[in-house]
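Participant: Could you have a look at this structure, given as C-alpha cells, before my questions?
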Amino acid sequence: MLEKSYNPKDFEEKIYAKWENDGDFKPDMRSDRDAFSIVIPPPNVTGVLHIGHALNNTLQDILVRYNRMLGKNVLWQPGTDHAGIATQMVVERNLAKEGISRHDLGREKFIETVWEWKKQSGGTICRQLRRLGASCDWSRERFTMDDGLSRAVRKIFVSMYKDGLIYKAKKLVNWDPKFETAVSDLEVIQKETVGKMYYYKYPLEDNPNEFIHIATTRPETMFGDTAVAVSKDNPKLKNLIGKNCVIPIINRVIPIIDDEHADPEKGTGAVKITPAHDFNDFEVGKRHNLPMINILNKDATLNENTPFAGMSTQEARTKTIEKLTELGFMEKIEDHPMVIPYGERSGVVIEPYMTDQWFVDAPKLAIEAKRAVADGEMEFVPAVYKKTYFEWMNNIQPWCISRQLWWGHQMPIWYGPDDTIFCEETEEEAQAVADKHYGKHVELRRETDVLDTWFSSGLWAFSTLGWPDQNEYLEKFYPTSVLVTAFDIIFFWVARMMMMSMYMMKRVPFKKCYIHGLVRDAHGQKMSKSKGNTVDPMETIEKYGADAMRFFMAAMETQGRDVNLSEARIQGYRNFATKLWNAARFCEMNECYSVKDFDISEAKLEINKWIIAKAKEATAQVSTNLNNYRFSDAANAVYQFVWGTFCDWYIELIKPIFYGENAESIKETRAVAAWVLDRILVIMHPFMPFITTELWDNLTERKVKLIKAEWPTNETVNENDKSDIDWAIDFIGAIRSLRASMNLPAGAKLSAYVKASAADLDIIAKQNALICNLARLENLQALNDLPVSKDMVQTVSREATILIPLKGVVDFEAERARLQKELEALNKNLESYARKLGNESFVAKAPAAVVEEEKRRQAEALDNKAKVEEALARIANF
RNA sequence: GGGUGCUUAGCUCAGCUGGAAGAGCAUCUCGUUUACACCGAGAGGGUCGGGAGUUCGAACCUCUCAGCGCCUACCA
C-alpha cells in the first residue's frame, strides 16, 4: 500500500542509489541501437551546486532519460574541471589559515596539497548532482587533470605547436597582479565607474615656457611614456610634431610624434604614449619603434624605473599629482566616466603588462569552427545564438593560454641551454630530440607556465571519451548529440570546443547546442550574494523534493529566456506531485492493477476509449515538444493531462462505475485506469524520475524498470473516441456554471431537461448516469412536449438547450440580467462575423476553411441568440 | 560605439508557420463527494508599450518613437 501522503524524502535518495548500483545509467556497449550522448559541462571541482547547475543538469537529464526510454543507447558523460585559478585560490586560502603560503611549500608540494584537497572535498558537486537525479554514468567520471585527459592536452598542444598554431610572443597581456599571472580577454570584467581625468602639461625641450597639454586617466604611468602623439590633421598642434618634450619629475626627453591614434576631438588632442601599459599605446609604439618602458612589478607596484618604486598605482597616482602640482604642471581634474578592467576571479584591477606569453592562433582555428556552423553541422537552439557565435568568431583575437600558476597542465615545452624550444609530448622525447639537435646530451629546462583551464575544457567532448586512444566509446558516442549550456560560456567554452574539435577531430564536438538562460529571482533580478536573493537548490530540494524543483525548471524553460525562480511555483509543482500520488492511491484503492497483455484497443466503454485517446495525444505532445527542445511546452502538456484530464475528469467520471455493479465495466475500467496511470508514469518520468519510479515499483510487479520502460511512438489517435465524452464534459460544465451563477446549493439534486439533436440526445442517453453524477442531477431527460414554464432557468451547451425547473425559486431579476449579458456577448460576436463575411475580399481571398469556420460560428451564434431571446421572452412579465 | 533581446491579465511569464488572447500565482463566490484542503466547482480580470504601414485579416511581418535589459568594445 502506498503511504497516505507524498513524502519525497522517504524515497528519492534510496531510488537513486539503486539506479546507480544497478548500473542503470550505463550504456549497453553491445547494442547496435542509435546512440545518444551528452557530455556534462564540467563543474569546477571546487564548486557547490548552485541554482544554475540545477537548471542546466535538469534539462540534460530530461533529454537523457527521454532518449533512454526511446530505446537509444545513451551515455551521459560526467566529470569535473580542475579550474586552475579557482582551485589554486581555494587551496591557498586554506593554507593561509595555517599561516602558510604556497611559496613556503614549493611547487611540487603545493600541487600534492591540491590533489589531497581534491580527494577530500572535490566530490561535493557530484554528490549534489546525484541528489538532483542526474543519470550520468558515474563509472566514467573524468577530471581534466586525469592522466588520460592530460595526455590529450599534451598531444594536441604539441600538434598545434608543430602546426604553428601555438606560439610564444612578448606582448601586452591582461595581467592579474593578485595571482601574478596573465589571463585571457574573457577573464577580464569591464566595470563602469566614475573616475577622474587629469589635465597637465609637458614643457617643450627647446623652450621650457611652451607646453604640450596632456589629458589622462592614469597620470602615474607617465614614467613609462616614450612619446606624445598628436595628429597631423590637428591644425592647432601639428606644428609640434617632430619636437621633443620633457616628462616632468624625471626630466626625460621624449619625442612628439604624428599618429592617427591622437584624435583632435578627444582630450587635449595630444596623447601621452605608454607602450608598455596600454593596448593602444602598444600599437602606436610598434608603429613608431618606440622604446617600451615597464614601470610595474608583477604585483602592480611601481618599479625602479619610477621615482615611486614600491608604491601601489593608487599611491603613486596621488604622489604624481602632488608633485606635478608642486612643480606647476597640473592644470585641472575632472570627473570622467570610464571603464576599469577587473580580474574575474581575483577582483583586482587588471594591468596591461608586457611579458612573454603563449598564444593560440584563434583567428585561424576559427575558420573551420565558423564553417561548421555556417554549414549546419552544428546547430544552435535557439537559432539566434548563431549570431552571437559569429559575432565573436569574426572578431576573435589570439588566445593567451599561458598562466603563471602552479595548478594546471604544465606546458610540454622544454628549453635548451641556448633557449631553443623543444615541444614534445614527454620529457624523454624532448630530451632525445634535443640531444640529437645539439649532437650531445644537454640539460633541458621545462617551461613553468601552465595552460589556461579552458584549453583542457576545449577538448572535453573527445578527451572524456578516451581520445587519443581509439576506442569504442569514441567510436559510438562522438560527435555527441547535444551540448546543453548557458549563454554566458558560449565564448569561453562552446567556441573553444568547436575550434579544438574541428582542428583535431575534423568533426564537430556536438551536433546541437541548446542554450538556456540564467536563473533569476522571482522578480527577474539577477541573483547575487550582495543582494541576498540567492537560493540554494539543495535547500529547495530538501523542502519540496528534487522532483518538484526539476519540474519547475522544465516548466519555466522557454527557449533561450531567463528563468525566474519562484518558490510559490515550486510549491505548486510539489502539489502536482502530491496530486499524482493521490491519484495513484485512488487507483490502488480501487484495485486498478496493470493487466498483463491488456489490449487497449478492446476497451468498450466510451469513457475508457476517451481517456486512452487523450493519453496517446498527450504522449505525442510531450514527444514533439521534447524533440524540439521545447521543455516548457512538454512539461505543460504532462501537467495538463495529469491534472486537468486524468484527475479532474477521468477519475471523477469512473467513480460511478466502481460504485456500481457491472462487473464487466469495473474490470475493464480497472485495467484502463491502470494502463493510463502507467502511461502517465512513463511520460512524466524524465521530468519527475523519483516519484514516478516509486509509484511504478509499488503499484504492481514489473517486468521492466521504469527508467528503461518503452516510450511509445507513432500511436494513432481515433478522433471519434474523444467526441462523446468531450461533448458530455462541455455539457456538465454548462450545468455547473448555471448552478453557480443561480446560487443553487451544491447539495440540491435537480431535474433537467434538454432540447437537442437526435445525435446529441443519443449521447445523453448513453452517458446519462455519468452526466447526472457530475452535474448533480436527479434526472436528465429529453424535452419533448413538456410545457415550458416560466419557472425555469436556461443555458446552452454547444447546440443543446438545457432547462432546469426551479419551482418558485427563480430570481427573475438575476436571471434576466444573466441572459441579457449573454445576449450582449452574442450580439458582439455576431457583429464581427457579419463584418467579416460581408467583406468581399475576405470571402474571396481567405482560405475556404477559414471562411467556412466563420460561417459555422455565425450560424451557431444566431441559433444561441434565438434561444436566449426565447428564454427572455418567457420571463418577460415577471 | 557595435551587436542582440524584451515591453501581453494585479504579479511572473507562455503564445512554435499571421486566421476568434493563454498558464501559474493572486482575487471573488460556493463547498454534495473517503484519491487529494498540498483539494474540488464556478467567476471576474487584457484597445498584447505609443504611432504609422503591409494584408481580406496583425500580439505575431515592415518602419518609427519611447522605456528596459544583456553581450561586446582601446575612447586618452
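The values are calculated or read from the model by the stated rules, or taken from the named source; none is laboratory data. Not measured: the values here are computed from a predicted model. Counting neighbours? That spans all protein chains shown, and the Cβs are built from the backbone with ideal geometry, glycine included. Protein only, heavy atoms only, side chains kept; ligands, DNA and RNA dropped before computing areas. Shrake-Rupley method; radii C 1.70, N 1.55, O 1.52, S 1.80 Å.
Participant: Only one of A:ASN608, A:ASN575 is surrounded by fewer than 18 Cβ atoms within 10 Å (Cβ to Cβ), part of a helix (DSSP H, G or I) and over 21 Å from the mean Cα position of the chain (by Cα). Can you tell me which?
Facilitator: Testing whether each residue is surrounded by fewer than 18 Cβ atoms within 10 Å (Cβ to Cβ), part of a helix (DSSP H, G or I) and over 21 Å from the mean Cα position of the chain (by Cα) leaves just A:ASN575.
Participant: Of the conditions (1) surrounded by 15 or more Cβ atoms within 10 Å (Cβ to Cβ); (2) at pLDDT below 90, A:PRO337 satisfies every one except a single condition; which number is it?
Facilitator: (1)
Participant: Now a separate question. Looking only at region A:528-561, how many residues end up being open to solvent by 50 Å² or more (accessible area, probe 1.4 Å) and either touching a Gly at 6+ places or on another chain (Cβ under 7 Å) or near RNA strand B (Cβ under 9 Å from one of its atoms) (or both)?
Facilitator: Looking only at that region, the number is 3.
Participant: Then there's this: Open to solvent by 60 Å² or more (accessible area, probe 1.4 Å) and either within 14 Å of RNA strand B (Cβ to nearest atom) or in contact with a strand residue (DSSP E or B) (Cβ under 9 Å, 6 or more places away or on another chain) (or both): is that true of A:LYS506 in this structure? It would help to see each step written out before you state the result.
Facilitator: Values: open to solvent by 60 Å² or more (accessible area, probe 1.4 Å): yes; either within 14 Å of RNA strand B (Cβ to nearest atom) or in contact with a strand residue (DSSP E or B) (Cβ under 9 Å, 6 or more places away or on another chain) (or both): no.
Taking the combined requirement at face value, the residue does not satisfy it.
Participant: With A:GLY310, A:GLY269, A:GLY242 as the choices, which residue is near RNA strand B (Cβ under 10 Å from one of its atoms) and at positive phi? Steps first, please.
Facilitator: Numbers: A:GLY310 fails: near RNA strand B (Cβ under 10 Å from one of its atoms); A:GLY242 fails: near RNA strand B (Cβ under 10 Å from one of its atoms).
Checking each option against the conditions leaves just A:GLY269.
Participant: If you don't mind, there's one more thing I want to ask. Pick from region A:411-438 the residues that are open to solvent by 60 Å² or more (accessible area, probe 1.4 Å) and outside any helix (DSSP H, G or I): which of them is nearest to A:VAL153 (Cα to Cα)?
Facilitator: A:ASP419
Participant: Assess whether A:LYS855 counts as being modelled with pLDDT under 85, in contact with a helix residue (DSSP H, G or I) (Cβ under 7 Å, 6 or more places away or on another chain), open to solvent by 60 Å² or more (accessible area, probe 1.4 Å) and among the charged types (D, E, K, R).
Facilitator: So A:LYS855 does not fit the description; no.
Participant: Also, I was wondering about something else. Against the conditions (1) open to solvent by 10 Å² or more (accessible area, probe 1.4 Å); (2) farther than 30 Å from A:ARG561 by Cβ, where does A:LEU324 fall short? Just the number, please.
Facilitator: For A:LEU324, the exception is condition (1).
Participant: While we're on this one: Being under 13 Å from the mean Cα position of the chain (by Cα), part of a helix (DSSP H, G or I) and crowded, with 17+ Cβ neighbours inside 10 Å narrows it down to one residue among A:ILE515, A:ILE490; which is it?
Facilitator: Values: A:ILE515 fails: part of a helix (DSSP H, G or I).
Going through A:ILE515, A:ILE490 in turn, just one is under 13 Å from the mean Cα position of the chain (by Cα), part of a helix (DSSP H, G or I) and crowded, with 17+ Cβ neighbours inside 10 Å: A:ILE490.
Participant: Still on this structure, I have one more. Determine whether region A:72-91 contains at least one residue that is part of a helix (DSSP H, G or I) and of a type in the set (D, E, K, R). Full working, then the answer.
Facilitator: Looking only at region A:72-91, we keep the residues that are part of a helix (DSSP H, G or I), and these are A:84-91.
Still in the list and also of a type in the set (D, E, K, R): none.
No.
Participant: For A:ARG679, state whether it is assigned to a helix (DSSP H, G or I) and open to solvent by 50 Å² or more (accessible area, probe 1.4 Å). Outline the logic, then answer.
Facilitator: On the way: assigned to a helix (DSSP H, G or I): yes; open to solvent by 50 Å² or more (accessible area, probe 1.4 Å): no.
Criteria not met by A:ARG679.
Participant: I need every pair where a residue in region A:831-850 that is within 6 Å of RNA strand B (Cβ to nearest atom) has its Cβ under 6 Å from the Cβ of a residue that is part of a helix (DSSP H, G or I) and open to solvent by 70 Å² or more (accessible area, probe 1.4 Å), sequence separation at least 6 or different chains.
Facilitator: A:PHE842/A:LYS836
Participant: Are any residues in region A:654-665 part of a helix (DSSP H, G or I), of a type outside the set (Ser, Thr, Tyr) and open to solvent by 30 Å² or more (accessible area, probe 1.4 Å), and if so, which ones?
Facilitator: If the condition is that a residue be part of a helix (DSSP H, G or I), of a type outside the set (Ser, Thr, Tyr) and open to solvent by 30 Å² or more (accessible area, probe 1.4 Å), then A:LYS655, A:PRO656, A:ILE657, A:ALA663, A:GLU664 are the ones that fit.
Participant: Turning to a different aspect of this structure: Give A:ILE273, A:ILE254 a once-over and let me know the one that is more than 49 Å from the chain's Cα centre (by Cα) and at pLDDT 90 or above. Break it down into steps so the answer makes sense when it comes.
Facilitator: Values: A:ILE273 fails: more than 49 Å from the chain's Cα centre (by Cα).
After ruling out the rest, the residue left standing is A:ILE254.
Every residue, every condition in (1) open to solvent by less than 40 Å² (accessible area, probe 1.4 Å); (2) in contact with a Lys or Arg (Cβ under 9 Å, 6 or more places away or on another chain); (3) in contact (Cβ under 8 Å) with a residue 60 or more places away in the chain, yes or no:
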position	(1), (2), (3)
A:VAL91	yes, yes, yes
A:ILE100	no, no, no
A:ARG107	no, no, yes
A:PHE110	yes, yes, yes
A:ARG127	no, no, no
A:GLY133	yes, yes, yes
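Participant: Please state which one of A:ASN280, A:ASN294, A:ASN305 is open to solvent by 70 Å² or more (accessible area, probe 1.4 Å), away from RNA strand B (no atom under 14 Å from the Cβ) and either part of a loop (DSSP other than H, G, I, E, B) or not hydrophobic (A, V, I, L, M, F, W, C) (or both).
Facilitator: A:ASN305
Participant: Against the condition touching a residue at least 60 places away in the same chain (Cβ under 8 Å), away from RNA strand B (no atom under 16 Å from the Cβ) and closer than 30 Å to A:ARG218 by Cα, how does A:PHE179 come out, does it pass?
Facilitator: Considered against the rule, which asks whether it is touching a residue at least 60 places away in the same chain (Cβ under 8 Å), away from RNA strand B (no atom under 16 Å from the Cβ) and closer than 30 Å to A:ARG218 by Cα, A:PHE179 comes out as yes.
Participant: Got at least one residue in region A:163-173 being touching a residue at least 24 places away in the same chain (Cβ under 8 Å) and part of a helix (DSSP H, G or I)? Please lay out each step first, then the result.
Facilitator: Looking only at region A:163-173, we keep the residues that are touching a residue at least 24 places away in the same chain (Cβ under 8 Å), and these are A:164-173.
Okay, now just the ones that are also part of a helix (DSSP H, G or I), so none.
No, that holds for no residue.
Participant: Shifting gears a bit: Testing A:VAL373 on (1) assigned to a helix (DSSP H, G or I); (2) within 16 Å of RNA strand B (Cβ to nearest atom); (3) out of contact with any Asp or Glu (no Cβ under 7 Å at 6 or more places or on another chain); (4) within 22 Å of A:HIS277 (Cβ to Cβ), one condition comes back false. Which one is that?
Facilitator: (4)
Participant: Would you check if A:VAL348 is surrounded by fewer than 19 Cβ atoms within 10 Å (Cβ to Cβ), within 40 Å of the chain's Cα centre (by Cα) and away from RNA strand B (no atom under 15 Å from the Cβ)?
Facilitator: Against the criterion (surrounded by fewer than 19 Cβ atoms within 10 Å (Cβ to Cβ), within 40 Å of the chain's Cα centre (by Cα) and away from RNA strand B (no atom under 15 Å from the Cβ)), A:VAL348 qualifies.
Participant: For region A:283-290, does any single residue satisfy the condition of being assigned to a loop (DSSP other than H, G, I, E, B) and more than 21 Å from A:PRO208 (Cα to Cα)?
Facilitator: yes
Per-residue answers, yes or no, for (1) touching a residue at least 40 places away in the same chain (Cβ under 8 Å); (2) under 18 Å from A:THR355 (Cα atoms); (3) open to solvent by 10 Å² or more (accessible area, probe 1.4 Å); (4) within 36 Å of the chain's Cα centre (by Cα):
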{"position": "A:LEU186", "(1), (2), (3), (4)": "yes, no, yes, yes"}
{"position": "A:ILE189", "(1), (2), (3), (4)": "yes, no, yes, yes"}
{"position": "A:LEU204", "(1), (2), (3), (4)": "yes, no, no, no"}
{"position": "A:PRO208", "(1), (2), (3), (4)": "no, no, yes, no"}
{"position": "A:HIS213", "(1), (2), (3), (4)": "yes, no, yes, no"}
{"position": "A:THR216", "(1), (2), (3), (4)": "yes, no, yes, no"}
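Participant: Within region A:253-266, count every residue that is near RNA strand B (Cβ under 6 Å from one of its atoms) and either without any contact (Cβ under 8 Å) to a residue 12 or more places away in the chain or more than 17 Å from A:ASP225 (Cα to Cα) (or both).
Facilitator: The qualifying residues number 2.
Participant: Within region A:797-855, can you find the residues that are closer than 30 Å to A:ILE875 by Cα and polar (S, T, N, Q)?
Facilitator: Correct list: A:SER797, A:THR801, A:GLN820, A:ASN827, A:ASN829, A:SER832.
Participant: Of these, A:TRP175, A:TRP115, A:TRP138, which one is surrounded by fewer than 19 Cβ atoms within 10 Å (Cβ to Cβ) and closer than 23 Å to A:PHE455 by Cβ? Give the steps one after another, and end with the answer.
Facilitator: Working: A:TRP175 fails: surrounded by fewer than 19 Cβ atoms within 10 Å (Cβ to Cβ); A:TRP138 fails: closer than 23 Å to A:PHE455 by Cβ.
One residue alone meets the criteria, A:TRP115.
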